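Below is one structure; the comments refer to it alone.
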Amino acid sequence: MKQYDVIVVGGGTAGFAAAVTAAKAGKNTLLIEENAYLGGTATGAQISQFMGFANDETEESLRGLVKELLSRLKAAKGSQGMSHIYLSGDKNLDVSVIPYQPDILKDIMDDMVSEAGVDILLHTRVIGAQMTDGKISSLTIHNVEGVQSITGRIVIDATFHGSVAVACGCQWKMGDEDGVLQPGTLIYQIAGVDAERYAKVTQSEKTALAKKGLEQGCLYVNNLLARPLPNGVFQSNMSRVKINPLDTLAWSKAEMEARRQVRKISRFFIENVPGFEHAYLVTTGDFTGLRDSRRIMGQYVLSNEDVLEGHEFPDAVAKSSYPIDIHDANGVGSHVVKPKTGVFYVPYRAMIVKEASNLVLAGRCISAEHEAHACIRVMITCMRLGEAAAMAAAESLNRGCEVNTLDGSILKEQLLG
Ligand SMILES: Cc1cc2nc3c(=O)[nH]c(=O)nc-3n(C[C@H](O)[C@H](O)[C@H](O)COP(=O)(O)OP(=O)(O)OC[C@H]3O[C@@H](n4cnc5c(N)ncnc54)[C@H](O)[C@@H]3O)c2cc1C
């Protein structure tokens, strides 16, 4: 295969954004994705609402790739634009969201990568990286054609698990101080809901119904989490399963347990929740969404204090107001803490490593402590980190410097003004 300027591994929100941005910057770009479609967790796990905006952002003030994506989603009737929700039903936890239809998002991502001129290998997994003099000299890929080698001048790891970085020998951490991971959730869609009737259910009634469901062993969280998608079908994020993605045997059992939970939850709703009397389950995600996997330890580790105190950085590439949001691994609730200043920043140094001079991290696997990670893991931030990774790749190729020594303040000017 030809040599690429930029190879992006993983076509989730971060990898999609990185590939489009690198190609638009004039770089020969290849995107490698193991699924048959782009979007990763955003589409395959049917998450269906973008979060991670800064408090002062409005639909009108959006810039760059997120602006383009939203305008295309709206034109295709895949979104009605920005709205607000209360996390855990708590009125103090107001966050901006953009709900979307996952299947329409898949189409738009296809269009945007194609129009940008990205080469795409779907159904292809990166299974190794070869290093020469502290640089990735080639990646090993596997698909139905067999095992092949492929070369790129810069590699962006947007795999969610930091798998390329691990293959390069980078250090990583996972979970909290005891290695405990947040639970995963299999999202499902349920149609035939009387939305007007459900809208009249008060928060205290929801809490009481959730208590009843928990007591009966039919529910797994202490609130009713169901909301309409733009097409009127409801989406629900209520299963909770323990998943360690580094134990595939246990993970496989957990996928089946998640499907069992969804059957129980949807039956409970149909039998107990006003508005769901004539509802029926239409689909579940292709896989259970994971909230945690490896966090690669990069040149800077974004700390909990950085987030809570809103520390600014000369090389900041993303800003957000999304709170620390950790779902209880053994209980039924979430631990949510807002940044004190209302906003936090992610420095470019959390996206680069010392072990591989031509590697950039993007999305959920960047270098952060457990709690800080629980703020950056949402999709608007992942997309912005993807954009930043690609801009860094383009700048380093243009300037002839290593991407892991690039002065991130150049990116700050472009991304945060
Ligand atoms: C249940 C749940 C609810 C959530 N709710 C929200 C929400 O409401 N709003 C929000 O904004 N965020 C939410 N999030 C968080 C968010 O969805 C994810 O953190 C985010 O989508 C991660 O994006 P990513 O691009 O880093 O990774 P992913 O979307 O997971 O993409 C990684 C991609 O890499 C591919 N890949 C992995 N390894 C390889 C390999 N070796 N070779 C080739 N391809 C590979 C995968 O197939 C995948 O497509 C939620 C997460 C979960 C689990």
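Readers should treat all values here as calculations from the given coordinates under stated rules, not as data from a laboratory. Since the model is a prediction, treat every value here as computed from it, not as a measurement. Please note: Cβ atoms are built from the backbone with ideal geometry, for glycine as well, and neighbour counts cover all protein chains shown.
Taking amide H atoms as placed 1.01 Å from N in the peptide plane, list the residues 5 or more away in sequence, or in a different chain, whose amide H sits under 5 Å from that of residue 97.
Correct list: 83, 84, 85.
Would you calculate, for the chain, the mean residue ellipticity at 222 nm contributed by helices, counting each DSSP H stretch of 4 or more residues as -39,500 (n - 2.57) and dividing by all residues, to the nearest 500? Could the numbers behind the result be given before it?
Values: 12 runs with 133 residues, N = 417.
After summing the helix terms and dividing by the residues of the chain, the value is -9500 deg cm²/dmol.
Straight distance only, please: which lysines reach the Cα of residue 67 with their own Cα at less than 28 Å, same-chain residues fewer than 8 apart left out?
Correct list for residue 67: 24, 27, 77, 91, 106, 319, 338, 340, 412.
How much net charge surrounds residue 256 when only other residues with a Cβ under 15 Å from its Cβ are counted (Lys, Arg +1; Asp, Glu -1)?
Details: positive: 240, 242, 253, 259, 260, 263, 264; negative: 247, 255, 257, 286.
My count for the surroundings of residue 256 gives +3.
Among 285, 213, 134, determine the one that fluctuates most according to a GNM of the chain built with springs between C-alpha atoms less than 10 Å apart.
Per the Cα network of the chain with a 10 Å cutoff, 134 tops the list.
Based solely on C-alpha atoms, express the radius of gyration and the Dmax of the chain in angstrom.
Just the Cα atoms of the chain yield Rg and Dmax of 20.8, 64 Å.
What number comes out for the charge environment of residue 44, summing +1 per Lys or Arg and -1 per Asp or Glu over other residues with Cβ under 12 Å away?
On the way: positive: 106; negative: 33, 34, 103, 286.
So the surrounding residues net to -3.
Suppose a student asked you for the relative contact order of the chain, using Cα pairs under 8 Å spaced at least 6 residues apart; what percent would you report?
Details: 980 pairs, mean separation 90.2, N = 417.
Here the relative contact order equals 22 percent.
Among the lysines, select those whose C-alpha is under 26 Å from the C-alpha of residue 253, and discard any that sit fewer than 8 residues away in the same chain.
Within the straight-line cut-off, residue 253 pairs with 173, 242, 264.
Just to confirm a number: summing +1 for Lys and Arg and -1 for Asp and Glu over residues other than residue 303 whose beta-carbon lies under 15 angstrom from that of residue 303, what do you get?
Details: positive: 173, 295, 340, 349; negative: 176, 177, 305, 306, 309, 312, 369, 371.
Neighbourhood net charge equals -4.
Just to confirm my numbers, what's the Cα centroid distance between the range 215-249 and the range 170-189 in Å?
15
List 401, 218 from most exposed to least, where exposure is judged by having the fewest other Cβ atoms within 10 Å.
On the way: 401 13, 218 18.
In order of increasing Cβ crowding within 10 Å: 401, 218.
Under a GNM of the chain (C-alpha, springs under 10 Å), which listed residue has the highest mean-square fluctuation: 250, 350, 362?
Checking each option, the largest mean-square fluctuation is seen for 250.
When the chain is modelled as a GNM with alpha-carbon springs shorter than 10 Å, which of 354, 200, 173 fluctuates the most?
Comparing 354, 200, 173 in a Gaussian network model of the chain, the most mobile one is 200.
Based on Cβ point charges of +1 for Lys and Arg and -1 for Asp and Glu, what charge dipole magnitude is obtained for the chain about its Cα centre, in debye rounded to the nearest 20?
680
Cα centroids of the range 56-78 and the range 253-304: how far apart, whole angstrom?
27
Can you put 109, 51 in order, fewest other beta carbons within 10 Å first?
Details: 109 26, 51 20.
Listing 109, 51 from fewest to most nearby Cβ atoms yields 51, 109.
Using a simple spin-label model with points 7 Å from Cα along the Cα→Cβ vector, what separation in nm is obtained for residue 132 and residue 215?
A separation of 6.9 nm, rounded to one decimal place.
Would you work out if the range 304-357 is rounded, prolate or oblate? Take a ≥ b ≥ c from the square roots of the eigenvalues of the alpha-carbon gyration tensor; rounded if a/c is under 1.5, else prolate when a/b is larger than b/c, oblate otherwise. Mind showing how you got there, number by number?
Details: a/c = 3.43, a/b = 1.52, b/c = 2.26.
Verdict is oblate for the range 304-357.
DSSP loop GluC sites (Glu not before Pro) in the range 257-286 with at most 14 other Cβ atoms within 10 Å of their Cβ, which ones? Can you show the working numbers first?
Working: sites: 257, 271, 277; in loops: 277.
Loop-located and lightly packed - 277.
Evaluated at 37 °C with a viscosity of 0.692 mPa s, what Stokes-Einstein diffusion coefficient in µm²/s does the range 188-284 have when Rh comes from the Kirkwood expression over alpha-carbon pairs? Show your work: numbers first, answer last.
Values: Rh = 13.9 Å.
D, rounded to a whole number, is 235 µm²/s.
I'd like the per residue volume of the convex hull spanned by the Cα atoms of the range 245-374, given in cubic angstrom. Present the calculation step by step, with values, prior to reporting the outcome.
Details: hull volume 20.8 nm³, N = 130.
Roughly 160 Å³ of hull volume per residue.
May I ask for the angle, rounded to the nearest 10°, between helix 13-24 and the longest principal axis of the chain, with both axes built from Cα atoms and the value confined to 0 to 90°?
That helix lies at roughly 40 degrees to the long axis.
Compute the length gained on full extension between residue 354 and residue 144: take 0.36 nm times their separation in residues and subtract their Cα-Cα distance, giving the result in nm to one decimal. Don't skip to the end; give the middle numbers.
On the way: separation 210, 0.36 × 210 = 75.60 nm, distance 3.37 nm.
Taking 0.36 nm per residue and subtracting the Cα distance, the gain is 72.2 nm.
Which ordering of 238, 82, 256, 112 is given by a fewest-first count of other beta-carbon atoms within 10 Å?
Taking fewest neighbouring Cβ atoms as first place, the list is 256, 82, 112, 238.
Express the relative contact order of the range 214-319 as a whole percentage, based on alpha carbon pairs under 8 Å and six or more residues apart in sequence.
Values: 67 pairs, mean separation 18.9, N = 106.
Reported relative contact order: 18 percent.
Rounded to whole Hz and in sequence order, give me ³J(HN,Hα) for the range 241-251 from the Karplus expression 6.51 cos²θ - 1.76 cosθ + 1.60, θ = phi - 60°, writing x for Gly and Pro.
10, 6, 9, 10, x, 9, 9, 5, 5, 5, 4
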